[in-house]
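The values are calculated or read from the model by the stated rules, or taken from the named source; none is laboratory data. As the structure is a prediction and not an experimental result, all values here were calculated from the model. Counting neighbours? That spans all protein chains shown, and the Cβs are built from the backbone with ideal geometry, glycine included. All accessible areas refer to the heavy atoms of the entire protein, side chains included, with ligands and DNA or RNA removed. Shrake-Rupley method; radii C 1.70, N 1.55, O 1.52, S 1.80 Å.
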Amino acid sequence: MENKEIIEKGNAVLGIEFGSTRIKAVLINDKFEPIANGSYTWENTLDNGVWTYPLSQIHEGLQTCYADLKADVQKRYGIKLTKFKAGGISAMMHGYLAFDKDGNLLVPFRTWRNTITGQASKELSDLFGFPVPERWSISHLYQAILNKEDHISKLANVYTLAAYIHFMLTGKKVIGAGDASGMFPLKMNGKKAEYNAEFLKKFEGLANVKAISHTGSLVENLFPQVLMAGEDAGTLTAEGAKFLDPTGDLEAGIPFCPPEGDAGTGMAATNSVEAKTGNISAGTSVFSMVVLEKDLKKSYPGIIDIVTTPDGLPVAMVHANNCTGEHNYWINLFKEIGDMMGAKAGIGEYFDTLIMKSLEADKDCGGLLSYNYLSGETITGFNSGRPLFVRQENANFNVANFMRTQMFSSLGALRIGMDILYNEEKVPVQSMTGAGGYFKTEAGLKYMAAAMLTSVCAMETAGEGGPWGMALLASYACDGNNKLALSEFLNKKVFASCKKTTAAAEKELVESFNIFIERYKKGLAVERAAVENL
């Protein structure tokens, strides 16, 4: 009854996140607890060599997800959802959504998954002396300039997915600092984060850029304005309300917080926004985020990115394009076999049973090796990938060894990047918190601790993930919560009594992963041969 009253009075807070495989929405109450949710399942497609989602499906997915949330509210509480206190939009980071002055999409949405901007990424990294990953918006923009693509002459606006949806809902061309740091490098100016002026000057000075930049800064003209967590980012317009809820039930005028990327919501959802804290998001892709006390000694383009927390602190990010996708395919195959044999188990039971079976594996995984490269993997130098399973002729080929190999393979590229932070930069990490599908089993938590060489915890709220983290950022922006630092708000108001499960880096599993990672590094030549010949 309490939650029903909160929703009826418009005091719930909404968070929506566009993930790689699902769009998810959550409503939270004044205790920051999820009280209703909705979702929409989708998958990217490879269109003429570009990983993308059609704009029509982006719109459909948002509306269907929200409709599913409304249906959940109706089912649980017997009421119609017409308003909420505040809202926020997050999405998979970076990428390239390019529009002309009339709002027409000029080229298909180029997602974070694409590795088609290698030349631009390298040239910009060299120019700035700062890592500019292939998936960043500026890499996509500059590569299109280098390629002399026709659409460049018509460009009026470039967005990330979160910033685009926020614009559609509020009419405000703004972006949160965390997501903005994946468009163009940021620099703090007092308590505000801005696009790095020194780098902007260097970029605008490039001959290719000067040739098309007529008035002012190309980046500042095209990209959204950067806002800090807690700042006013506009309100839901009448058109935005109709866009989100075509039934017309939703009221306009609801405040929205700055849109964020899934890295920012991951940091909020795992209470990892202070220096020396870190978090790991492991699902379709996997990335670790470590909040830094000071800048790194050198640049590691393609391996370590420098982004920011939603309130502007520097973060070392190790991002691998591939994580659980390949072992999901294998488990679906096993279920298909089970269905053929008359088994009645659901897919969740297959995941739990097979992954937990992996704890019985041999220390050396029985001599098995796999690569989960559904797409390219920048950390290890691959522009495209081929999922691969290979074994020694005398391998101990059983279910436990096979599944541990799949689970370890999901973390192979991530570990290579983390070794640089640990061994070369000596970055201190006091705590790591995990969120995402990889952590749904006890085995996943144990394996992550072994791969990261430190204790890793999963909060009881970790399953709520990005949309919950976005709802927290929306809550931070209302009721005067932003008078506190973001870390204080999270520590004192949200996570003070949160329960969590912690896995230590167990000696035997650390040794097992170390054996695997050496085999993984040597076997990259096999993966490269597969890419070249298949």
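The fraction of accessible area contributed by carbon and sulfur in the stretch 161-301 is 50 percent, rounded to a whole number (1.4 Å probe; ligands and nucleic acids excluded). Of all aspartates and glutamates in the structure, the ones whose alpha carbon falls short of 12 Å from that of LYS297, not counting any fewer than 8 places away in one chain, are GLU424, GLU425.
Calculated accessible area for the stretch 182-286 comes out at 39 Å² per residue, all protein chains present (probe 1.4 Å; ligands, DNA, RNA ignored). Couplings 3J(HN,Hα) of the stretch 113-129, computed from phi: 6, 6, 10, 10, 10, x, 5, 5, 4, 5, 5, 6, 4, 5, 4, 8, x Hz, in residue order, whole Hz [Karplus 6.51 cos²θ - 1.76 cosθ + 1.60, θ = phi - 60°; x for Gly and Pro]. Label positions at GLN392 and ILE515, each projected 7 Å from the Cα along the C-beta direction, are separated by 0.9 nm.
I'd like to compare 84-95, 270-281, 191-202: which one has the highest average count of other Cβ atoms within 10 Å, and what's the full order after that?
84-95, 270-281, 191-202
What the stretch 400-468 shows is 27 Å² of accessible area per residue, with the surface traced by a 1.4 Å probe over protein heavy atoms. Counting only DSSP beta bridges with both residues in the stretch 9-163, the antiparallel share comes to about 80 percent. Distance between the C-alpha centres of the stretch 416-491 and the stretch 250-293: 8 Å, rounded to the whole angstrom. Expressed to the nearest 5 percent, the antiparallel share of DSSP beta bridges inside the chain is 70 percent.
Accessible surface calculations at 1.4 Å, restricted to protein heavy atoms, place the stretch 1-112 at 41 Å² per residue. Using the Cα gyration tensor of the stretch 268-310, with a ≥ b ≥ c the square roots of its eigenvalues, what is the shape: rounded (a/c below 1.5), prolate (a/b larger than b/c) or oblate (neither)? Note, shape of the stretch 268-310 comes out oblate. Working ranking of peptides 134-145, 322-333, 495-506 by packing, defined as the average number of other Cβ atoms within 10 Å per residue, highest first, is 134-145, 322-333, 495-506.
The alpha-carbon of LYS298 sits under 22 angstrom from the alpha-carbons of these lysines, leaving out residues fewer than 8 places away in its chain: LYS122, LYS187, LYS201, LYS202, LYS276, LYS426. Between GLN225 and ASP249, the modelled label-to-label distance comes to 3.4 nm, taking each label 7 Å out from Cα in the direction of the beta carbon.
When you restrict to C-alpha pairs under 8 Å that are six or more residues apart and normalise by the size of the chain, the relative contact order lands at 15 percent. Where in the stretch 341-439 are there chymotrypsin sites (Phe, Trp or Tyr not before Pro) that are in a DSSP coil and have at most 16 other Cβ atoms within 10 angstrom of their Cβ? Answer in residue order: PHE397.
For LYS335, a cut-off of 20 angstrom between C-alpha atoms picks up these lysines, skipping any fewer than 8 places away in its own chain: LYS344, LYS357, LYS440. Split the accessible area of the stretch 1-83 by element, probe 1.4 Å, and carbon with sulfur accounts for 46%. Centre-to-centre separation between the Cα atoms of the stretch 90-154 and those of the stretch 199-219: 15 Å.
Ignoring ligands, DNA and RNA, what percent of the accessible area of the stretch 379-534 is carbon or sulfur (1.4 Å)?
Exposed carbon and sulfur together represent 48 percent of the surface.
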